[in-house]
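The values are calculated or read from the model by the stated rules, or taken from the named source; none is laboratory data. This one's a predicted model, so the numbers in the text were calculated from it and none came from an experiment. Every residue, glycine as well, gets a Cβ built from its backbone with ideal geometry; the counts of neighbours run over all protein chains shown. To get the accessible areas, we keep the full protein, side chains included, count just its heavy atoms, and leave off ligands, DNA and RNA. Shrake-Rupley method; radii C 1.70, N 1.55, O 1.52, S 1.80 Å.
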Amino acid sequence: MDRWAYENAVELDFSRRSTPTDNALVESFNGRLRQECLNEHWFLSLADARSRTEGWRHFYNEERPHSAPGWKTPEEFALKHGSQANSKVP
């Protein structure tokens with residue numbers, strides 16, 4: 001991972017051990033991904049895993065309301081506030 005990060009100019013920044021509050025937004029997202037997607041499916045291949053996670057990503061960004069932006073989807077929130085790039089999960 002270190003090599004890949006170096007070759008792709010990615011700076012790795014790790015949270016302190018046993019302190020999920022250091023990065024609560026990412027921890028919350030990871031929990032939702034695990035609960036709503038990864039625990040719900042048996043992946044039959046890498047292509048199947050990519051397809052199912054892409055489907056979940058679409059659902060998460062464009063169909064699933066989120067509490068923080070007033071029960072809007074990230075897409076609705078971005079359109080209302082004119083910042084599409086910063087509101088969606090990549």
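Filtered by the rule that a residue be aliphatic (A, V, I, L, M) and open to solvent by less than 80 Å² (accessible area, probe 1.4 Å), segment 53-78 gives a lone residue, A78. Checking each residue in segment 2-52 for being small (G, A, S), outside any helix (DSSP H, G or I) and open to solvent by 70 Å² or more (accessible area, probe 1.4 Å) picks out A9, S18. Count of segment 53-67 residues, restricted to those that are in a loop (DSSP other than H, G, I, E, B) and under 15 Å from the mean Cα position of the chain (by Cα), is 3. Look at segment 39-61: where a residue is within 14 Å of F29 (Cα to Cα) and modelled with pLDDT under 95 and a partner is outside any helix (DSSP H, G or I) and open to solvent by 50 Å² or more (accessible area, probe 1.4 Å), sitting 6+ places away or on another chain with Cβ atoms under 8 Å, you get N61/K88.
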